[in-house]
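Step one of this worksheet: look at the structure below.
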Amino acid sequence: MLTTEKMEFWFVVGSQHLYGEEALAEVKAHAQTITDELNESGILPYPVVLQDLAVSADKITSIMKEVNYRNEVAGVITWMHTFSPAKMWIRGTKLLQKPLLHLATQFNESIPWATIDMDFMNLNQSAHGDREYGFINARLKKQNKVVVGYWERPEVRQQIAQWMDVAVAYNESFNIKVARFGDNMRNVGVTEGDKVEAQIQFGWTVDYFGIGDLVQYVKAVTDEEINALFTEYEGLYEFDYGTYSREDWEKSVKVQVSYEIAIKRFLDDGGYTAFTTNFEDLYGMKQLPGLAVQRLMAQGYGFAGEGDWKTAALDRLLKVMSHNQSTGFMEDYTYELAAGQESILQSHMLEVDPSLASNKPKIVVSPLGIGDREDPARLVFDGKAGDGVVVSMADFGTNYKLLINEVSAFEPTVPAPNLPVARVLWEVKPNFQDGVKAWLENGGGHHTVVSLNLTTDQIITYAKLVGLEYVVIK
Ligand code: MN
């Protein structure tokens, strides 16, 4: 489900006719070498496809129109081999509706002092061309990414790779469809928002369904389907019967198995890639979906609890951006305030994303204090360690705002035998007091998406592309 369309990036190399056909042939050969080596490096997550040289306004315009039209093209990487007059770029750049990366590099790493002449300098004048091209992107407020450095360097390729992941997520943003089973939790403020504005600004479609629509799908799941999927669980998870008989435990787990099958079918039938539930809206359901939701998050569907469609869509977005590695919906729960150990315990009532697990999850059945339903099954595990970002999005009435806090997650060392949910622990940057204070003063929510795979720069790059206000705490 995580899979997006097979995406590629177009490589457009700027020059002009001034230097003659011989020079242009050399430009083309250099561009081909860079294209081939980038593709063979194994660092880029998506292929680069070299286009005709950008030597006229008509050529540039026709390339950019084609980029917009083709679904499989996620964005454009440009490189100024020579001086490419920027007025040629205005029309095409204005038309371009996909992410743009300006690669400020040069074919030769060093200046060949012993042989350099005017012909060489005319052919290799990226420094000159970069400035002409950079000017017009800035004037057009293109919000393009600029990556600077020698194209053979792994750190330069790494920056291109990270931008590619953002660009693919940006494209996917317009395909995100959230199914809301029930409305938002009563009385809660931060999970609300303007759905029309979210569709205009981010491309997210947010649709409501009565829980009864899902109940019909649950009823249609067969025992054969349930038993087949339950068998798969045996190889993946520890079975922890706790105080339940094996029979009662299995009965409870199989309710969640039926939910997994039903929700997945419902989402796929409607083209939905994210969803929400609400424990206050479970008419006709025996349990709050827990294990079922965790399994679907692991498959790449975005999710948030209590009807929080913004966080569900954001979860899906960042899962695409991170290739679903160590990225998921989270909720701030409990502070550790002991001096020198200040941190925050993250969890949810059931639905913690197993992509964050450091150990083999165990399936546990336990009562749920809220929701007035049967004891639900859930996956219990400890979160993995790593540096990352936690992101929250809220509607401030006149605009959406994104909060980005850098965090350091660490594995818990003390067991919590009475805690029947997964737990993730992290320290916030720059330190506990300043980090938490900034989060609260800026109105950051309790529902977040955390990623131990993405960087602050990647989140900012997306925010700029969609004109989203953001605050960074680091
Ligand atoms: Mn919650």
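The values are calculated or read from the model by the stated rules, or taken from the named source; none is laboratory data. As the structure is a prediction and not an experimental result, all values here were calculated from the model. Cβ: placed from backbone, ideal geometry, glycine included. Neighbour counts: every protein chain shown. Heavy atoms of the whole protein, side chains included, go into the accessibility calculation; ligands, DNA and RNA do not. Shrake-Rupley method; radii C 1.70, N 1.55, O 1.52, S 1.80 Å.
DSSP bridge analysis restricted to the range 177-473 gives an antiparallel fraction near 65%, rounded to the nearest 5.
How many percent of Cα pairs in the range 220-320 exceed 17 Å? Above the 17 Å cut-off, the range 220-320 has 56 percent of its Cα pairs.
For the chain, the longest principal axis of the alpha carbon atoms and the long axis of helix 246-270 meet at an angle near 40°. Considering only alpha-carbon pairs that sit under 8 angstrom and 6 or more positions apart, the relative contact order computed for the range 41-136 is 33 percent.
Rounded, prolate or oblate, given the Cα gyration tensor of the range 8-173, with a/c below 1.5 counting as rounded? Oblate, since a/c reaches 1.5 and b/c is not below a/b. Most tightly packed first, judged by the mean number of other beta-carbon atoms within 10 Å of their residues, the peptides 21-33, 77-89 read 77-89, 21-33. Taken as Cα centroids, the range 18-36 and the range 389-441 sit 49 Å apart, rounded to the nearest whole angstrom. Only protein heavy atoms count here; under a 1.4 Å probe, TYR208 has an accessible surface of about 130 Å². When the charge dipole of the chain is built from unit charges on Cβ atoms (+1 for Lys and Arg, -1 for Asp and Glu) and taken about the Cα centre, the candidate among PHE432, PHE239, TRP10 whose Cα reaches farthest toward its positive end is TRP10.
Neighbours of HIS446, meaning other residues whose beta-carbon lies under 12 angstrom from its beta-carbon, give a summed charge of -4 when Lys and Arg score +1 and Asp and Glu score -1. Across the chain, the mean sequence separation of Cα contacts (distance under 8 Å, 6 or more residues apart), normalised by length, yields a relative contact order of 13 percent.
Using the average count of surrounding beta-carbon atoms within 10 Å as a protection proxy, the listed peptides 210-220, 60-70, 295-305 rank, highest first, as 295-305, 60-70, 210-220.
A protection proxy built from the mean count of other Cβ atoms within 10 Å ranks the segments 352-358, 36-42, most packed first, as 352-358, 36-42.
Can you give the charge dipole size of the chain about its Cα centre, rounded to the nearest 20 debye, using +1 on the beta carbon of Lys and Arg and -1 on the beta carbon of Asp and Glu?
I would put it at about 1040 debye.
Placing unit charges on the Cβ atoms only, positive for Lys and Arg and negative for Asp and Glu, gives the range 8-173 a dipole magnitude near 980 debye about its Cα centre.
By the helix-only formula, in which each DSSP H run with n ≥ 4 contributes -39500 (n - 2.57) and the sum is divided by residues, the chain has a 222 nm mean residue ellipticity of -11500 deg cm²/dmol.
In the full protein context, the chain carries 43 Å² of accessible surface per residue, based on a 1.4 Å probe and ignoring ligands, DNA and RNA.
Under the classification rounded if a/c is under 1.5, otherwise prolate if a/b is larger than b/c and oblate if not, where does the range 21-72 fall, given a ≥ b ≥ c as square roots of the Cα gyration tensor eigenvalues? Note, shape of the range 21-72 comes out oblate.
Between the alpha-carbon centres of the range 157-229 and the range 332-376 there is a gap of 22 Å. For the chain, the C-alpha radius of gyration sits at 1.11 times the compact-globule guess of 2.2 N^0.38 Å, with N the residue count. Pairs exceeding 25 Å between alpha-carbon atoms, taken from LYS142/LYS429; LYS219/LYS310; LYS264/LYS362; LYS6/LYS319; LYS145/LYS401: LYS142/LYS429; LYS219/LYS310. Hydrodynamic analysis of the range 77-149 uses the Kirkwood radius over alpha carbon pairs. Inserted into Stokes-Einstein at 4 °C and 1.567 mPa s, it gives a translational diffusion coefficient of 99 µm²/s.
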